[in-house]
Each structure stands twice: as structure tokens, then as C-alpha cells.
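Here's the structure we're looking at; comments come further down.
The values are calculated or read from the model by the stated rules, or taken from the named source; none is laboratory data. Remember, predicted model here, so these are calculated numbers, not experimental data. Don't worry about glycine lacking a Cβ; one is built from the backbone with ideal geometry, like all the others, and counts go over all protein chains shown.
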Amino acid sequence: LLQAANATLSEKASGTADIEGPSAIHVVKNAQIPPSCYQSFLKKRRDIAGFVLCPFDQRYIYNRINSLTDQNVFGNDTSALRKQVMAAANAVFGAVLEFLTGSNKTHAHLLGRYDIDEQYVAVLLDCFLLHADWHTCSFFKNITKSDNRFSHHPKDTYISAGKNSYSLIRVLVNALIVNSIGSRSAWNVPDREQCEDLNKHQKVQN
């Protein structure tokens, strides 16, 4: 997986001269990794294949401010971060293709057919980081317009465990997924009963 990720990153970087950014993964083995990431899987099974993309080497160091409502460390420009996100996305894309196709002819075909949308990455970074609140971003407002839980709430990445609670970041990520791969509003089927009724004449697994 790591070899495929590295190869894809290098190929995409060489084929896109106007986008400067990382072109190779510096591999560090047996190093510290951030908590609550790949470590969560390795605690259960040590033989799960994978890798972690991170901005440090042997020792876990994270210099970014954790709170989105603290000082805005990005200023008004996310271009440097956008290059890093593009590079990471290309690396993950290559690893996923390797896992799904096993480097057969389909792998090369798909690799040449799809590219990471830099404009979409720029929009997401601007909305997540530069806007004072997520509901003031026009793109986020558009994809969550029928969900009244989203409006007038500050930025919040807290994941709630309460039965009757919700997490704003989950609402937002769900809307982003539906907007990217779906063709309907994220909230047009509110419950299981309606979903089953809509699909009663189709062989659809709910």
C-alpha cells in the first residue's frame, strides 16, 4: 500500500507542473504515531496493513492549534496547506486503488482517469478554516440548507456520545458525502420506515 501511495504521489506530482508540493513519502518505521488514529486499530490487531501520513518523523510533534476558535494560524492564505492536502489525497488514492485492483490494468486506467479536484479542496479549506463560523460559508449553507441543526452554531469538532445529542462535524461530513456521491438532499429520507417504503420494489440492502 505504501509503495503504491508513493508511486501515485510521484506520478501525479510530475504530471502537474503547476501545482508545487510534496512528491514523495519519507518512510519512517517503528516511530511514534498520533493517538486516536491508526493506533486504534493496531491495539486490536498488529497485522493490519496501513500507514500514517504526518508532518513529523520519529517523535510525535503536532504544532497546530487544536481549537478552531483560537488564533487563526493560517492567516488569509491556505495555499501551502492546500498543497499538502492534495499530496496526501493523491497518496491515499493510490493506496486505495492498489488495495481494490491489485495493480492490474484497471489500476493504471483509473489512475489516469481521475484527479483530485484542487478547486474543491480550496473551497473546503476556506470554509473550514477561514470563515468565522461554518454556517457563514455559502457552500456549507447550500448543502445543509434543510437541516436546522446547522444554522447559528459555532465551529465544533466535538463528537458527542449522548443518545439524544448530535455532533455538528458529523452533520457537516454527512452532508459533504451526500453532496459528493449522491443526487438528492442529505435530509430527504429522515427515517428507516420511509427508506424501506421508497425501496420496496427494488432489491436494495438497507
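If a residue has to be of a type in the set (A, V, I, L, M, F, W, C) and without any contact (Cβ under 8 Å) to a residue 60 or more places away in the chain to count, how many in the stretch 89-115 make the cut?
Residues of the stretch 89-115 that are of a type in the set (A, V, I, L, M, F, W, C), as a first pass: 89, 91-93, 95-97, 99-100, 108, 110-111.
Okay, now just the ones that are also without any contact (Cβ under 8 Å) to a residue 60 or more places away in the chain, so 89, 96, 100, 108, 110.
Counting residues in the stretch 89-115 that are of a type in the set (A, V, I, L, M, F, W, C) and without any contact (Cβ under 8 Å) to a residue 60 or more places away in the chain gives 5.
Hey, can you tell me all the residues within the stretch 96-112 that are assigned to a helix (DSSP H, G or I) and more than 13 Å from Glu11 (Cα to Cα)?
First pass over the stretch 96-112, keeping only residues assigned to a helix (DSSP H, G or I): 96-101, 105-112.
Scanning the stretch 96-112 gives Val96, Leu97, Glu98, Phe99, Leu100, Thr101, Lys105, Thr106, His107, His109, Leu110.
Any idea which of (1) under 27 Å from Asn90 (Cα atoms); (2) at pLDDT below 75 is the one Ala122 doesn't satisfy?
Against the list (1) under 27 Å from Asn90 (Cα atoms); (2) at pLDDT below 75, Ala122 comes up short only on (2).
Which residues, counting only those in the stretch 97-119, are in contact with a helix residue (DSSP H, G or I) (Cβ under 6 Å, 6 or more places away or on another chain) and of a type in the set (Ser, Thr, Tyr)?
Passing the criteria: only Thr101.
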